[in-house]
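The values are calculated or read from the model by the stated rules, or taken from the named source; none is laboratory data. For clarity, every value in this text was computed on a predicted model and none was experimentally measured. Please note: Cβ atoms are built from the backbone with ideal geometry, for glycine as well, and neighbour counts cover all protein chains shown. Note: areas computed on protein heavy atoms with side chains; ligands, DNA, RNA excluded. Shrake-Rupley method; radii C 1.70, N 1.55, O 1.52, S 1.80 Å.
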Amino acid sequence: MKIKTVEPFILHVPIEQKTISDARNTITHWGVVGAKITTDSGIVGYGYTGTHAELAGDQAIAHVIKASFGPILIGENPLEVNTLWHKMFNLAPMRWVGRAGIVHLAIGAIDVALWDIKAKSAEQPLWQFLGGATSDELEAYNTNIGWMSNSLDSLVMQSSAAVQEQGFRRLKLKVGHANLSDDIVRIAAVRKAVGPDIPIAVDANGKWDLPTAIRFCKRAEDLDIFWLEEPLWFDDVKSHRKLCHASSIPIALGEQLYSVDAFAQFISRGAMCYAQPDVTRLAGISEYLRTADLAYCHRMPVAAHVGDMGQVHVHLSFYHEMTTMLEYIPWIKRCFEEPIKVENGLYAKPQNPGAGTTLLASSLDNFGKPLA
Ligand code: MG
């Protein structure tokens, strides 16, 4: 099998709430920047990465896919994903301009498309192709109720509905208000509404400094918080380590880390309790698997970041032995042939061959953006 074409695409998908905010970001659309790879066997692979759509460099990622990596992939065997990942990663001119950021997001989209081709050629869903599921149950935790832009009343109402009507067994709330009391009031209100048995995680999106995070943890101690996600600046190993020692609330992070080496720093220095890798930052499934296996070596639970890579991460989560739960954000599922599905708080195992990334033709018509 040989690669015939590598074509980028861009979708800007409006989110259902119109606008949402966390401690750092306010967005109206989710950006899906992808690679469509056509082979001489007729198999077509799709991969994508995630952006905040407007002003997010979508055109730059698409350009890197087409102009920098496309030419070195055409004519190659797409089944040799490991070879091709290293060929892209070690392409000297691109390594010179970025071992992270836009270059990594572009490699990530291509890598996912190559794994999609591999699994399709074996006529298996990716989780099965990788070796099979380690559990039939994958719990979904709902983040979509917990945005900071959601008023207190709406937050409580939507949290109750998610648990009592939709069957979610876990929730995650965004924190990082200017006044810590606002965060505490919101968590306490949700805790009261859903009862003591629903795990509630919180996510500060890297907003705080160490003293603020320590103050928050002291005040939140009685609220039984499942994990505190990204409390501090993303790359600050030393302060996360201090926070892990200072607080009884477990620390989760990883969605902003660009390499298995970065995870190794946090894990080896006792600076995190839950690993949250993302194929977007990690330049695809290949480095994600290395990262999840690193966590396995330390018996550390892995809970993939979603926002909004759930189509791919659901496969990796069913497959990997360290993963028992996955975030749920439903914004872009309508773009794909086999959308992610949650029933009674559990993810359905995908059944279609591939990585879950095959686009509906209508997605490009409805949400497609012209390439520059
Ligand atoms: Mg997060």
Does THR19 satisfy the condition of being touching a residue at least 40 places away in the same chain (Cβ under 8 Å), buried (at least 19 other Cβ atoms within 10 Å of the Cβ) and over 22 Å from LEU282 (Cβ atoms)? no
Residue among ILE249, ILE267 that is touching a His at 6+ places or on another chain (Cβ under 8 Å), β-branched (Val, Ile, Thr) and farther than 23 Å from TRP115 by Cβ: ILE267
Which pairs do you get when a residue that is closer than 14 Å to TYR48 by Cα and among the polar types (S, T, N, Q), found in the range 361-372, comes within reach of a residue that is modelled with pLDDT of 95 or more and open to solvent by less than 80 Å² (accessible area, probe 1.4 Å), reach meaning Cβ atoms under 9 angstrom, with the pair 6+ apart or on two chains? SER363/PHE9; SER363/LEU11; SER363/VAL13; SER363/VAL32; SER363/ILE332; SER363/CYS335; SER363/PHE336
Is it true that LEU155 is closer than 19 Å to ILE20 by Cβ, away from the ligand (no atom under 16 Å from the Cβ) and either in contact with a Lys or Arg (Cβ under 8 Å, 6 or more places away or on another chain) or open to solvent by 40 Å² or more (accessible area, probe 1.4 Å) (or both)? yes
Check off (1) under 25 Å from ALA252 (Cα atoms); (2) more than 17 Å from the chain's Cα centre (by Cα); (3) charged (D, E, K, R) for GLU327 and give me the number that stays unchecked. (2)
Given the conditions (1) under 17 Å from TRP30 (Cα atoms); (2) crowded, with 24+ Cβ neighbours inside 10 Å, and given that ARG334 satisfies all but one, which numbered condition is not satisfied? (2)
Tell me, yes or no, whether the range 160-168 has at least one residue that is surrounded by 18 or more Cβ atoms within 10 Å (Cβ to Cβ), away from the ligand (no atom under 16 Å from the Cβ) and under 18 Å from HIS313 (Cβ atoms). yes
Looking at the range 108-117, is at least one residue outside any loop (DSSP other than H, G, I, E, B), more than 16 Å from the ligand (Cβ to nearest atom) and open to solvent by 10 Å² or more (accessible area, probe 1.4 Å)? yes
For TRP127, state whether it is over 20 Å from PHE9 (Cβ atoms), touching a residue at least 24 places away in the same chain (Cβ under 8 Å) and crowded, with 23+ Cβ neighbours inside 10 Å. yes
I need the full set of residues from the range 300-331 which are β-branched (Val, Ile, Thr), closer than 18 Å to LEU130 by Cα and either surrounded by fewer than 24 Cβ atoms within 10 Å (Cβ to Cβ) or in contact (Cβ under 8 Å) with a residue 40 or more places away in the chain (or both), in order please. VAL312, VAL314, THR323, THR324
What's the number of the condition ALA140 fails, among (1) crowded, with 23+ Cβ neighbours inside 10 Å; (2) assigned to a loop (DSSP other than H, G, I, E, B); (3) under 20 Å from the mean Cα position of the chain (by Cα)? (2)
